[in-house]
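So the structure is just underneath, and the comments pick up after that.
The values are calculated or read from the model by the stated rules, or taken from the named source; none is laboratory data. Computed from a predicted model, the values in this text were never measured in an experiment. Neighbour counts are summed over all protein chains in view; Cβ atoms, including those assigned to glycine, are modelled from backbone coordinates with ideal geometry.
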């Protein structure tokens, strides 16, 4: 059973966001941040906030990696445990570099052998799905294993509440806050995957390191939006080699819209350093989204959509 990991990257846009100042006072209890940047309209902003030192340090020191060897060992153990309940055959599972190998011996008949192997494969696959989910990962539509961006966006919404407050807090019109939060995230320096050891950064790691790539920035942005508007529909959008986001806002003229589950969502491009406004997407994102060549993972999705609250 071969499993493949997804790697995301993005070719940067020519017009850059401007983060003029980034400073952090790393206290023993709190890290105090001071961030200044300029948005796409040339307006200058400043955000000062504090985050628990222990939480930021933990995210920085414990990178998100899918440990395939550990996963295979866990799955093999689950199959062997199930095998103890099988009557009329002996089941053995062994973890290896290529996955989990299952063997069945002492079967009373060929039919018993065939059925036991089939059931063991089901147990193996279910155990792998459970393990993937338990460690904060998920499957893409193609079956590749990737960080569970939607789950992280929801789980970190409370952690980034101080950032939301520093950005001015929720506005009556969610689009206003969405624009300010977008420029804040876009201004964070872009980081190529090939140059870092821990590949994908969760929100606190991204803020602490002050750099990240496309899916890391998408998760931070959606965590900010989830914190500010818990009832707003949000989604992570992935295309080949890139990630962006979608918001359940009422589309305005000029917005690039995506059709998800029969409804229209507004696309947003948090990666930077391109200064794309809410509703605008980069060339590759726009082209592939228009053709429907994207995967959408909803952070939150309600039957009766509202604009926030």
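The one condition from (1) modelled with pLDDT of 90 or more; (2) out of contact with any helix residue (DSSP H, G or I) (no Cβ under 8 Å at 6 or more places or on another chain); (3) within 29 Å of residue 295 (Cβ to Cβ) that residue 131 does not meet is (2). Among residues of the stretch 70-102 being in contact with a strand residue (DSSP E or B) (Cβ under 7 Å, 6 or more places away or on another chain) and modelled with pLDDT under 90, the one that is nearest to residue 130 (Cα to Cα) is 83. The set of residues in the stretch 54-74 being in contact with a helix residue (DSSP H, G or I) (Cβ under 9 Å, 6 or more places away or on another chain) and within 30 Å of residue 121 (Cα to Cα) consists of 64, 66, 70, 71, 72, 74. Among 56, 75, 100, 123, which is buried (at least 17 other Cβ atoms within 10 Å of the Cβ), in the same structural domain as residue 207 (by TED's automatic domain parsing) and touching a residue at least 40 places away in the same chain (Cβ under 8 Å)? Only one candidate passes the filter, namely 56.
For the stretch 104-116, the criterion of being assigned to a strand (DSSP E or B), over 30 Å from residue 219 (Cβ atoms) and free of Cβ contacts under 8 Å to residues at least 24 places away in the same chain is met by at least one residue. The test for being buried (at least 24 other Cβ atoms within 10 Å of the Cβ) and either without any contact (Cβ under 8 Å) to a residue 24 or more places away in the chain or in contact with a helix residue (DSSP H, G or I) (Cβ under 8 Å, 6 or more places away or on another chain) (or both) does not hold for residue 277.
Being out of contact with any helix residue (DSSP H, G or I) (no Cβ under 6 Å at 6 or more places or on another chain), modelled with pLDDT of 90 or more and closer than 19 Å to residue 161 by Cβ: is that true of residue 230 here? Spelling it out, residue 230 is indeed out of contact with any helix residue (DSSP H, G or I) (no Cβ under 6 Å at 6 or more places or on another chain), modelled with pLDDT of 90 or more and closer than 19 Å to residue 161 by Cβ. Restricting 83, 169, 88 to residues that are touching a residue at least 24 places away in the same chain (Cβ under 8 Å) and under 28 Å from the mean Cα position of the chain (by Cα) narrows the list to 169.
Taking the stated definitions as given, is residue 38 without any contact (Cβ under 8 Å) to a residue 60 or more places away in the chain and within 15 Å of residue 188 (Cα to Cα)? The answer is no for residue 38.
Within the option set 279, 308, being on the phi > 0 side of the Ramachandran plot, modelled with pLDDT of 85 or more and not in a helix (DSSP H, G or I) holds for one residue only, 279. Residue 200 meets all of the listed conditions (1) closer than 21 Å to residue 51 by Cα; (2) at pLDDT 90 or above but one, namely (2).
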